[in-house]
Amino acid sequence: MGDDRLTPNVQRSASTTASRRAAAFAVWYLRVVTFVNLLSAVWVSFGNDVRRHNEENFFTPYLLTAGFASGVFTMFLAITMRRRKRAAWILNIVISSLFLLLFAFAMFFAEIREHAQNWISLVLTAAFVAALVVGRREFYAKGDRSNPRLAAAVAVGGLLVSSLLAALLVTVANQAHDSHRSTFLERWGYGTMRLISVAADDTGFAGISTPNWVDVTINVISTVLILAVFYAAFRSRRAVDPLTEDDETRLRALLDRHGDRDSLGYFALRSEKSVVWSPTGKAAVAYRVLGGVSLAAGDPLGDPEAWPGAIEPWLAEARAHGWIPAAMGASEEAGTVYARHGLDALELGDEAIVETAEFTLEGRAMRTVRQAYNRVKRAGYTVRIRRHADIPAAGMTSLLQRADDWRDGATERGFSMALGRLGDPADGQCVMLECTDGEGELRALLSFVPWGPHGLSLDLMRRDRDSDNGLMEFMVIELLQRAEEIGITQVSLNFAMFRSVFERGGRIGAGPVLRLWRSLLSFFSRWWQIESLYRANAKYRPIWEPRFLLFEKSADLPRIGIAAARAEGFLEAPGLPKWLHRRHLESKR
């Protein structure tokens, strides 16, 4: 998909073909400048030629100064302009207009008109300014209101810290013979000059002489500081509108009427999610914003006929704030509806669904599972099944404590297929399985959320690491065999990512690409349990239901993947200190 499809539906009346083409030209111009800058950084002779033209002939198309720092800077501008950030457009129009005026003045009042390169530079810069003016309607994405204050704080605090660090480097590495004559303020001033200038004039610092690596290190610190300031200035607005009580009440009403359509529907009630409603209120899209990605999970809730009415405002909101829209874990039906709104689909894997009436331990194919089940049962383990609402408060408190003790790591994982809370009184219809050993000691827990009136979807799995192997399989089989006790006819188990690759890649006749892909996934399964989840689900001989990732452009997949990993708790991204996040959230309330 090209640049022409970035305007949200609510603004298409203001968008024209000319404005879209002008915006695309501005973005591509910055990309070309980025390429030339980075090329000049690695191609020494080419970089020297560009710098010589800059110094002698004023041949400087907008922001073209030749070097790695300039390349990173223009790359950042190209990315933010590509995301249609209004703040980036303002910065570009101010800088480029001032540069154009100064360049035009130099051209007509100085003796530089005879150089053809200068006319080329003037035309290119004027074309860039004209493209910004004509395409101004296309740069609509709003930033966070706190960005100017945050950028100022990062600039002031970062300059102070980096200048002190530069002064420390200069002090440690100073090689001047009369270095004892330089004061700390002079070394601080020298480091600060190096931060704000690539080639600082050091003639006024007689007692300071530093090796080249110190100057390079200070310049790198300066580049990092500039990027940090621009990141703070151009950050996308973060969704800070969690579910309200009214939202949750309306979502539960939709689940009561249509909850049996999607096994992941109940997970829309995660407290960290936001929600967009259709105009009729008959459908909703629950999502979370992470790293500039508006990430929806599962199908839209409600009546499928009303889904487009919720998807359209969700997409419009994402584009208005410069977020990348993506939906993970959508069913084939929902994926078809998303595709009608311009999203492409990628099959992520399959969900394992077991029909309890069809499940049996009989037969040769279930021999291994049957033997493992009988072994655990002979060891004296038993399973208790009950709704959360039937568990006394004291008993639930004890279960919560054991679940926390058995958690693998400090981070609560899950987003698309996890509720993220256990024991909330509002979730009384959830089902808890408690496995105890022969001495009555609790050894494992399973919790399922409702999937309509007669289904369950796996939410949480915890067990004592000192217990016997096979407890989880034993508990799942107990649930499937005793499902009638709680009126359950279908159970959704774990999601098996890339299941078809493992299944087809191991067959005779599989092609070399498929076998290579399977080998890579098997390798990464050592850390992420990709293959083991497939094997664990396959033993129940489930019905495999494909799940899809929906996205706008293939180029966005890396960012979507990082956002999904963060949402699921597999990746912790560096960011603002927690106290700044709290302050940011409070300012929005």
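The values are calculated or read from the model by the stated rules, or taken from the named source; none is laboratory data. A quick note: this is a predicted structure, and the numbers were derived from the prediction, not measured. For neighbour counting, all protein chains shown are included, and Cβ atoms are generated from backbone atoms with ideal geometry for every residue, glycine included. Please note that ligands, DNA and RNA were not included when accessible areas were found on the heavy atoms of the full protein model with its side chains. Shrake-Rupley method; radii C 1.70, N 1.55, O 1.52, S 1.80 Å.
Modelled label-to-label distance, residue 257 and residue 362, 7 Å Cα→beta-carbon offset: nm?
The modelled label-to-label distance comes out at 4.3 nm.
Excluding ligands and nucleic acids, what accessible area in Å² is computed for residue 454 using a 1.4 Å probe, to the nearest 10?
Roughly 100 Å² of residue 454 is accessible to a 1.4 Å probe.
Based on the Cβ-Cβ distance of residue 355 and residue 485, what FRET efficiency does E = 1/(1 + (r/R0)^6) give at R0 = 22 Å, to the nearest 0.05?
The pair residue 355/residue 485 has a calculated efficiency of 0.85.
Can you tally the net charge around residue 434? Count Lys and Arg as +1, Asp and Glu as -1, for every other residue whose Cβ sits under 13 Å from the Cβ of residue 434.
Computed value for this residue: +2.
Taking a temperature of 25 °C and a viscosity of 0.890 mPa s, what whole-number D in µm²/s does Stokes-Einstein yield for the stretch 251-364 with Rh from Kirkwood over alpha carbon pairs?
164 µm²/s
Considering only DSSP beta bridges whose two residues both sit in the stretch 222-341, what percent are antiparallel, to the nearest 5?
Details: 10 of 15 bridges.
Rounded to the nearest five, the antiparallel share is 65 percent.
Which cross-chain or sequence-distant (5 or more) residues have an amide H under 5 Å from the amide H of residue 547, H modelled 1.01 Å from N in plane?
So residue 547 has HN proximity to 348, 349, 350, 351.
Using a 1.4 Å probe over the heavy atoms of the protein chains, calculate the carbon and sulfur portion of the accessible area of the stretch 265-374 as a whole percent.
Numbers: 1830 of 3910 Å².
The value for the stretch 265-374 is 47 percent carbon and sulfur by accessible area.
Suppose the chain between residue 42 and residue 119 were pulled fully straight at 0.36 nm per residue; how much longer would it get relative to their current alpha carbon spacing?
25.0 nm
For residue 539, what accessible area in Å² do you get when you roll a 1.4 Å probe over the heavy atoms of the protein chains, rounding to the nearest 10?
Roughly 70 Å² of residue 539 is accessible to a 1.4 Å probe.
Only Lys, Arg, Asp and Glu count, each charged at its Cβ (+1, +1, -1, -1), so figure out the dipole size of the stretch 203-324 about its Cα centre, rounded to 20 debye. Mind dumping the intermediate values first?
Details: 12 positive and 15 negative charges, 68 e Å.
Computed charge dipole of the stretch 203-324: roughly 320 debye.
Can you work out ³J(HN,Hα) from phi for every residue in the stretch 554-561, in order, using Karplus 6.51 cos²θ - 1.76 cosθ + 1.60 and θ = phi - 60°, giving whole Hz and x for Gly and Pro?
Result, rounded to whole Hz: 4, 5, 7, 4, x, 5, 5, x.
How big is the Kirkwood radius of the stretch 327-456, worked out from every pair of different alpha carbons and given in Å to one decimal?
Hydrodynamic radius (Kirkwood, Cα only) of the stretch 327-456 equals 18.1 Å.
Could you give the length gained on full extension between residue 152 and residue 370, defined as 0.36 nm per residue of separation minus the Cα-Cα distance, in nm? Kindly include the intermediate steps, with their values, before the conclusion.
On the way: separation 218, 0.36 × 218 = 78.48 nm, distance 6.51 nm.
Residue separation times 0.36 nm, minus the Cα-Cα distance, leaves 72.0 nm.
Roughly how many nanometres apart are two label points built 7 Å out from the Cα toward the Cβ at residue 454 and residue 386?
Label-label distance for residue 454 and residue 386, simple model: 2.6 nm.
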